[in-house]
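Visitor: Starting off with a structure, shown below.
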Amino acid sequence: MLKVLVIAYYFPPMGLSGVQRTLKFIKYMKNYNWEPTVITTGEVGYFAHDNSLSEDLNNTAVRIIRTEGRDPNSRLSKYGTINLPREIFRKIFNKLSQT
């Protein structure tokens with residue numbers, strides 16, 4: 001069996017489409033003689049969590065390594081699911097980043 005390392009920041013229990021793509025991709029790798037190992041984040045504050053994706057992952061024998069970091073989302077991990085910032089803040093930060 002061939003081994004592959006997958007590095008994915010967005011991975012269950014986070015939700016949304018990017019997470020699902022990675023999950024489904026690695027879920028079926030064993031059918032094609034690949035043994036995936038995933039490196040991802042630990043608990044992070046994120047605006048969409050989907051625990052059903054984690055349950056879907058529990059039925060596979062995929063090795064998952066969770067790392068901790070000092071990025072802003074990791075510092076918000078105690079809040080679990082967070083709200084998106086208001087549109088006005090996004091516009092302000094966008095203008096500041098262009099200067």
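Visitor: Report, by chain and number, residues whose modeled amide H sits under 5 Å from the one on Glu35, excluding near sequence neighbours (fewer than 5 apart, same chain).
Guide: Here Leu2, Lys3, Val4 satisfy the definition.
Visitor: Determine ³J(HN,Hα), in whole Hz, for all residues of segment 23-29 in sequence, where each value follows from phi through the Karplus function 6.51 cos²θ - 1.76 cosθ + 1.60 and θ = phi - 60°; x replaces Gly and Pro.
Guide: Calculated HN-Hα couplings, in order: 4, 5, 4, 6, 4, 9, 5 Hz.
Visitor: In sequence order, what are the phi-derived ³J(HN,Hα) couplings for segment 53-67 according to the Karplus relation 6.51 cos²θ - 1.76 cosθ + 1.60 with θ = phi - 60°, rounded to whole Hz, with x for glycine and proline?
Guide: Ordered by residue, 3J(HN,Hα) equals 5, 5, 5, 4, 6, 5, 7, 9, 9, 7, 7, 10, 10, 9, 10 Hz.
Visitor: Taking H placed 1.01 Å from N in the peptide plane, check which residues at least 5 places from Met14 or on another chain put their amide H under 5 Å from its amide H.
Guide: Residues meeting the criterion, in which the H sits 1.01 Å from N, are Asp50.
Each value in this text was obtained by applying a stated rule to the coordinates, not by laboratory testing. Predicted, not measured: the structure shown is a model, and the values here were computed from it.
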